[in-house]
Amino acid sequence: MKPLSFVMVFISDSVPACDSKASTIHSDVKDYYGKQLQKSEDLKTNACTTSAKPTPAFIRKALKEVHSEITSRYYGCGLVVPESLESCRVLDLGCGSGQDCFMLSQLVGEKGHVTGIDMTEEQLAVARKHIDYHTKKFGFKKPNVDFVQGYMELLGEAGLKDSSYDIIISNCVVNLSPDKAAVLREVYRVLKDGGEMYFSDVYSNQALTKEIREHRVLWGECLGGALWWEDLVRLAQEVGFSPPRLVTASHVAIGNKELESIVGDYKFVSATYRLFKVPKSCPKERSQVIYNGSITNWEQFLEFDANYTFKEGEAMVVDGDAAAILRSSRFADDFMIRPVEGGAAAGVGCCPVKPKEIIVNPFELAKRLEPADIKPATGGCCGTKASGCS
């Protein structure tokens, strides 16, 4: 095994990176993903390919339609397919060779559009080569996918306009950025009001040491640039997003003894969050909501996040932030929503209505989701179900 090399850089996630340091990281990431990695098997750890959630059948079917040259160069760390995609404009940050873009193009349909942006020429060349192939395979009259070269910290320089996208996704790439705050600011700018960033990434259980942040391979393998999860929550709200909604999480096993010795006691998770650009005027009132089952592939239930799974036709009380999201987003027509008056809601199951504990910590969720921690519910409908009485 060849010795692992280092690059000396220092990046703060709370302030923009200086040009030289950002340029160094961008150059190293381009080299790593454009030249050193030619297929998924070239990765030195499991971090970049740790899936945090089982893949539904309709997504597996869509993925089977993607060209094998593209799927062989996939380096994602989670499932980045939000619900209700028909006719939406979607942007994929760090699209690589385009697997998620071509998969999503089937779900948005001919009236929707997917744009992929990446800074790596080699990856984009593979993606562009297969645009016509997928257009014909999907039976579309014209392509509904395009690819742009640029940096996710500088979407404006790539020609992406204000309030132009319904949904932005990213799959294990925000950690590769030298300036996470800039990424979130640009995402917020190009999202429409009510729009969403739905993204998987790797997070640490505390702020990383300089040695870990400056290790070239650890950065390229999605670990050295991982945010402390609490910093994500802070940065997202500073930019203007509503509080992050945690969807799912799983522990990351590095699987490389040399890198494990450098990481030491630091822990990592792969986690999916959703961030919404909720208009400031939208009220944040604890509310009773009823899902009408109108979302394709999610007619019987909708797993919105780790806190709420909505069953068709059943009433549920949600916190004020969740209610504001449902009111202002593309989900507005899928729910009947009414504020909870007097701090309680009559007729919602047999359980007393009380504020729900909202899980935001991905390490806590990952622990709860481990098979050994799963316990059967007891005590009738007011038992220990994770999503409350439903």
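The values are calculated or read from the model by the stated rules, or taken from the named source; none is laboratory data. Model, not experiment: these values are computed from the prediction. Cβ: placed from backbone, ideal geometry, glycine included. Neighbour counts: every protein chain shown. These accessible areas exclude ligands, DNA and RNA; they are computed on the full protein's heavy atoms, side chains included. Shrake-Rupley method; radii C 1.70, N 1.55, O 1.52, S 1.80 Å.
If you go through region 329-340, how many residues are β-branched (Val, Ile, Thr) and open to solvent by 50 Å² or more (accessible area, probe 1.4 Å)?
Summing the residues that are β-branched (Val, Ile, Thr) and open to solvent by 50 Å² or more (accessible area, probe 1.4 Å) in region 329-340 gives 0.
Scan region 182-194 and report the pairs whose first residue is closer than 13 Å to residue 153 by Cβ and open to solvent by 60 Å² or more (accessible area, probe 1.4 Å) and whose second residue is part of a helix (DSSP H, G or I) and of a type outside the set (D, E, K, R), with Cβ atoms within less than 6 Å and a gap of 6+ or a chain change.
185/239
Is it the case, given these coordinates, that residue 195 is in a strand (DSSP E or B), under 25 Å from residue 244 (Cβ atoms) and within 19 Å of the chain's Cα centre (by Cα)?
Yes.
Consider residue 308 carefully, then state whether it is open to solvent by less than 40 Å² (accessible area, probe 1.4 Å), in contact with a helix residue (DSSP H, G or I) (Cβ under 8 Å, 6 or more places away or on another chain) and at pLDDT 95 or above.
Against the criterion (open to solvent by less than 40 Å² (accessible area, probe 1.4 Å), in contact with a helix residue (DSSP H, G or I) (Cβ under 8 Å, 6 or more places away or on another chain) and at pLDDT 95 or above), residue 308 qualifies.
Any idea which of (1) in a helix (DSSP H, G or I); (2) free of Cβ contacts under 8 Å to residues at least 60 places away in the same chain; (3) farther than 14 Å from residue 254 by Cβ is the one residue 218 doesn't satisfy?
(3)
Has region 339-361 got at least one residue that is in a strand (DSSP E or B), over 30 Å from residue 206 (Cα atoms) and either at pLDDT below 95 or more than 22 Å from the chain's Cα centre (by Cα) (or both)?
Yes: region 339-361 contains one or more residues that are in a strand (DSSP E or B), over 30 Å from residue 206 (Cα atoms) and either at pLDDT below 95 or more than 22 Å from the chain's Cα centre (by Cα) (or both).
Determine if region 244-261 includes at least one residue that is crowded, with 16+ Cβ neighbours inside 10 Å, among the polar types (S, T, N, Q), out of contact with any strand residue (DSSP E or B) (no Cβ under 9 Å at 6 or more places or on another chain) and over 25 Å from residue 169 (Cα atoms).
Scanning region 244-261 turns up at least one residue that is crowded, with 16+ Cβ neighbours inside 10 Å, among the polar types (S, T, N, Q), out of contact with any strand residue (DSSP E or B) (no Cβ under 9 Å at 6 or more places or on another chain) and over 25 Å from residue 169 (Cα atoms).
So which residues in region 100-115 are open to solvent by 20 Å² or more (accessible area, probe 1.4 Å) and of a type in the set (Asp, Glu)?
Across region 100-115, the qualifying residue is only 110.
Pick from 285, 299: which is out of contact with any Phe, Trp or Tyr (no Cβ under 7 Å at 6 or more places or on another chain), acidic (Asp, Glu), over 30 Å from residue 218 (Cα atoms) and touching a residue at least 24 places away in the same chain (Cβ under 8 Å)?
None of the other options fit; the residue is 285.
Pull out all pairs, ordered by first then second residue, where Cβ-Cβ is under 9 Å, the residues are six or more apart or on different chains, the first lies in region 143-167 and is open to solvent by 40 Å² or more (accessible area, probe 1.4 Å) and among the aromatic types (Phe, Trp, Tyr), and the second is at pLDDT below 95 and not in a loop (DSSP other than H, G, I, E, B).
The qualifying pairs are 151/22; 151/26.
Does residue 186 count as in a loop (DSSP other than H, G, I, E, B), acidic (Asp, Glu) and within 17 Å of the chain's Cα centre (by Cα)?
no
Among the numbered criteria (1) over 21 Å from residue 87 (Cα atoms); (2) hydrophobic (A, V, I, L, M, F, W, C); (3) more than 21 Å from the chain's Cα centre (by Cα), which single criterion is violated by residue 219?
Among (1) over 21 Å from residue 87 (Cα atoms); (2) hydrophobic (A, V, I, L, M, F, W, C); (3) more than 21 Å from the chain's Cα centre (by Cα), the lone unmet condition for residue 219 is (3).
Kindly list the number of the only condition in (1) free of Cβ contacts under 8 Å to residues at least 24 places away in the same chain; (2) open to solvent by less than 10 Å² (accessible area, probe 1.4 Å) that fails for residue 135.
(2)
Can you list the strands (runs of 3 or more DSSP E) found entirely within region 223-305 that contain at least 1 residues being more than 17 Å from the chain's Cα centre (by Cα), of a type outside the set (S, T, N, Q) and on the phi < 0 side of the Ramachandran plot?
By residue number, 287-291, 301-303.
Conditions tested, residue by residue: (1) within 30 Å of residue 207 (Cα to Cα); (2) open to solvent by 60 Å² or more (accessible area, probe 1.4 Å).
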residue	(1), (2)
267	yes, yes
279	no, no
294	no, yes
299	no, yes
313	no, no
316	no, no
327	no, yes
